[in-house]
Amino acid sequence: MNFLQFASNNVKRNARSYSAYLLSSAFAVMIFFIYAMFYFHPGIEDSNLGRMAKMGMKGAEYVIFVVSFLFILYSISSFLKARKKEFGILTILGAEGRQINKLLLLENMLIGIVAIVLGIGFGLILSKLFLMFGAKVIDIDELPFYLPWNAIILTASVFFALFLVISVLSVGMVRKSKVLDLLQGTNKPKPEPKSSVLLSLVCVALLGSAIYIAQTNLKSETLLAILVLGLIGLYLFYTQLSVMIIRLLKKNRSFFWRGTNLIWLSEMTYKMKDNARMFFLVTVVTTMACSSIGIVLTLKNQNDEMYKNDPFAMNYSSFGKEVAEKDLQMIESTLHQEGISFERIDTEVFGSSLKDVPDGFAAFISLTDYNKLAKALNVEQLPAIQPGHGVLLKGGTNSKRTLPDQVQTEQGNKSFTIEKEEVRNLRGMAQTLVIADEEFKALVQAAGPESKGLQTEIIYHVPAWNGQDVPDSKSKEVIVSKAVFNQMMSALDNGETNGYLSARAADYMGLKEATNLISFIGVFIAAIFSISTASFLHFRLFTDLQQDRVSYLALSKIGVSIKEMRKASTIQIAALFFIPLVISAILTFVGLLSVLSDMLSWKAILTPSLYGIGAFTIAQLVYFFFVRSRYLSQLKRVMV
């Protein structure tokens, strides 16, 4: 038997331990390959989202590589820990260090090559389905199948290099160990984990500070501080605070001596300390995935609401009526050619920042212009408004109060008292103040022409497009709106106009396509996160299985029943699976609430958050029951 056969036999004999690791690695290779195949596909260059899709796929490749590196590195370290005794025996039998190093390199590279072949193979099998789904997302009729040699070469090269680097690192892990340590393996006695009261208090202070800053002063300048405080606090939670909480529970005699609490709680201190780094990594990864899902779903919901709450099909604005005529002729000629009847409403809007209001800005419109908009929609018009007063219009997607009762403009230095609020969105803006006609003219005159706050705003109302139901890409409104919008953007890019067109359907479809693309990329990234998380836990449990067998055999001999041991093991496994998930759920909701609370109510944030957390919870439940059944079947064999 040569050395290569010896290495391959070792892999075969440890097939049960390596199977989950191999399949998880192959899955990561497959997703990387499919994204690469999509990236190199010649058919996406001419699509509207072609460039964005390629950038998204490229970013996804980096994420997959980093997650795969961490996952494989941790998996290898777990396997090496379980096989330390085997390496010690080989050393006693005369194996040299270079031979053990060669054995490790060959084993890891064999597994890596098999994972690469399986990943690329399954990727080719599923590629047509993936291309059909991708074509639908980026709004292309068809992405034909092609033989992706560039994707195959890139995937094989990247993951071969990754497995080679990990193999070299794994050699260093074993080289540092002494023969006695190798022989003892996982049976080496471990000291009881200790925790620091000071570090536990620091953990609470850091997490509390991060949450407080996020809730009260979330800015780009404070984002890094929040991230650093949160990560350090989270790490200390698993390494210090969790151990202290378990030690306090053990001191509570009435709880500690009740039922099987003595069995599982005695082991949890060691498991929390040993798995602290894994818990930290799993929590960070899960929080990122759940937050991304929550943000994407929130954007989708808001996009639907924004479309339904905007009653007008198009809104054109420019500084001055004379420069707008050419643009308006183009818009109206397009609508006439398509046989679309419309109503044109000419208005003027004055925009001004507000004094003593952080980031405060409001658009002012005269009462006459507002009532023209209300009449077009057959809604109640506003009565006369007293000088110095105004009515605040707020969009239906955001009912939060964002302006004080008294506001003062920077341009023109005019003060207005908000006498009431109306939840109406007749202009597509959330901050609009309706004032008397005379007050509007006085505000414009006081600001002067140099302020450039006055805009001509032409609104097009198309009765046939009622906006009650969100459109699809084939609807008349989307096709016409995109055509007009693209013509306007082309004129703007060429310097032929300074006007801007906001088309309700075009804006809706643009954001919908972007969120669909993010979902398309993110769903597979989330799948890799989920499978990697379960694999982390699977490896750790089965690494410690030999030691657990000895403990449970001893407990069985002194009279602990099968039912009691199953209960104690189930509690421990559940804690390993769901403690990081619970922490991730809390961090996800707190993070989304901090980021989106200025725009949305907590109820609007909660539902998308629950979708993301719920998806991971369902996946974790499936993994939990699978791992639990395997784990308990192994322990049952050692029962007396």
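The values are calculated or read from the model by the stated rules, or taken from the named source; none is laboratory data. In this text, all values refer to a predicted model and were calculated from it rather than measured experimentally. Quick reminder, even Gly has a Cβ in these numbers, built from the backbone with ideal geometry, and neighbours come from all protein chains shown.
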Looking at segment 336-343, is at least one residue touching a residue at least 12 places away in the same chain (Cβ under 8 Å), outside any loop (DSSP other than H, G, I, E, B) and over 23 Å from G412 (Cβ atoms)?
yes
Restricting attention to segment 242-296, the residues that are among the acidic types (D, E) and more than 31 Å from the chain's Cα centre (by Cα) number exactly 1
Looking only at segment 410-424, decide whether some residue is modelled with pLDDT under 85 and small (G, A, S).
yes
Strands (runs of 3 or more DSSP E) wholly inside segment 403-520 that include at least 3 residues being over 37 Å from the mean Cα position of the chain (by Cα)
406-408, 415-422, 454-461
Condition set surrounded by 18 or more Cβ atoms within 10 Å (Cβ to Cβ) and in contact with a Leu (Cβ under 8 Å, 6 or more places away or on another chain), scope segment 114-133, selection farthest from I152 (Cα to Cα): answer is L131
Scan T260, T239 and give me the residue that is of a type in the set (S, T, N, Q) and more than 25 Å from L229 (Cα to Cα).
T260
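Per-residue answers, yes or no, for (1) at pLDDT below 85; (2) closer than 26 Å to K372 by Cβ; (3) assigned by TED's automatic domain parsing to the domain that holds L335; (4) of a type in the set (A, V, I, L, M, F, W, C):
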position: P449; (1), (2), (3), (4): yes, yes, yes, no
position: K452; (1), (2), (3), (4): yes, yes, yes, no
position: E457; (1), (2), (3), (4): no, yes, yes, no
position: V462; (1), (2), (3), (4): no, yes, yes, yes
position: S473; (1), (2), (3), (4): yes, no, no, no
position: I479; (1), (2), (3), (4): no, no, no, yes
position: V484; (1), (2), (3), (4): no, yes, no, yes
position: M489; (1), (2), (3), (4): yes, no, no, yes
position: N498; (1), (2), (3), (4): yes, yes, no, no
Among residues of segment 608-625 being within 15 Å of I571 (Cα to Cα) and free of Cβ contacts under 8 Å to residues at least 12 places away in the same chain, the residue surrounded by the most Cβ atoms within 10 Å (Cβ to Cβ) is L621
Any idea which of F255, F159 is aromatic (F, W, Y) and modelled with pLDDT of 85 or more?
F159
Name the residue, out of L223, L169, L182, L206, that is at pLDDT below 80, touching a Gly at 6+ places or on another chain (Cβ under 6 Å) and either assigned to a helix (DSSP H, G or I) or under 23 Å from V243 (Cα atoms) (or both).
L182
Here is a check on your reading of the model: is S75 part of a helix (DSSP H, G or I), modelled with pLDDT of 65 or more, among the polar types (S, T, N, Q) and closer than 21 Å to S8 by Cβ?
yes
Among the candidates T347, T287, single out the residue that is buried (at least 19 other Cβ atoms within 10 Å of the Cβ), modelled with pLDDT of 80 or more and closer than 30 Å to L581 by Cα.
T287
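Here's the yes/no breakdown for (1) touching a residue at least 40 places away in the same chain (Cβ under 8 Å); (2) surrounded by fewer than 17 Cβ atoms within 10 Å (Cβ to Cβ); (3) at negative phi; (4) aliphatic (A, V, I, L, M):
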residue: T417; (1), (2), (3), (4): no, yes, yes, no
residue: E439; (1), (2), (3), (4): yes, no, yes, no
residue: A442; (1), (2), (3), (4): no, yes, yes, yes
residue: S473; (1), (2), (3), (4): yes, yes, yes, no
residue: K482; (1), (2), (3), (4): no, no, yes, no
Looking at the structure I just gave you, is E450 of a type outside the set (A, V, I, L, M, F, W, C) and either surrounded by fewer than 20 Cβ atoms within 10 Å (Cβ to Cβ) or out of contact with any helix residue (DSSP H, G or I) (no Cβ under 8 Å at 6 or more places or on another chain) (or both)?
yes
Are any of the residues in segment 22-44 assigned by TED's automatic domain parsing to the domain that holds F71, at pLDDT 75 or above, in a loop (DSSP other than H, G, I, E, B) and under 30 Å from L143 (Cβ atoms)?
yes
Mind listing just one residue for me: the one in segment 350-385 that is of a type in the set (A, V, I, L, M) and under 38 Å from the mean Cα position of the chain (by Cα) and, of those, nearest to V434 (Cα to Cα)?
A363
Scanning segment 484-506 residue by residue, those free of Cβ contacts under 8 Å to residues at least 60 places away in the same chain, within 20 Å of G467 (Cβ to Cβ) and surrounded by fewer than 22 Cβ atoms within 10 Å (Cβ to Cβ) turn out to be F485
What is the one condition in (1) in a loop (DSSP other than H, G, I, E, B); (2) in contact with a Lys or Arg (Cβ under 9 Å, 6 or more places away or on another chain) that Y238 does not satisfy?
(1)
Restricting segment 354-392 to residues that are of a type in the set (F, W, Y) and assigned to a strand (DSSP E or B), which is modelled with the lowest pLDDT?
F361
Quick one: in segment 314-335, of everything that is in a helix (DSSP H, G or I), touching a strand residue (DSSP E or B) at 6+ places or on another chain (Cβ under 7 Å) and not charged (D, E, K, R), which residue is surrounded by the fewest Cβ atoms within 10 Å (Cβ to Cβ)?
L328
Output the number of the condition that S519 fails; it satisfies all remaining conditions of (1) surrounded by fewer than 21 Cβ atoms within 10 Å (Cβ to Cβ); (2) closer than 30 Å to S317 by Cβ; (3) among the hydroxyl-bearing types (S, T, Y).
(2)
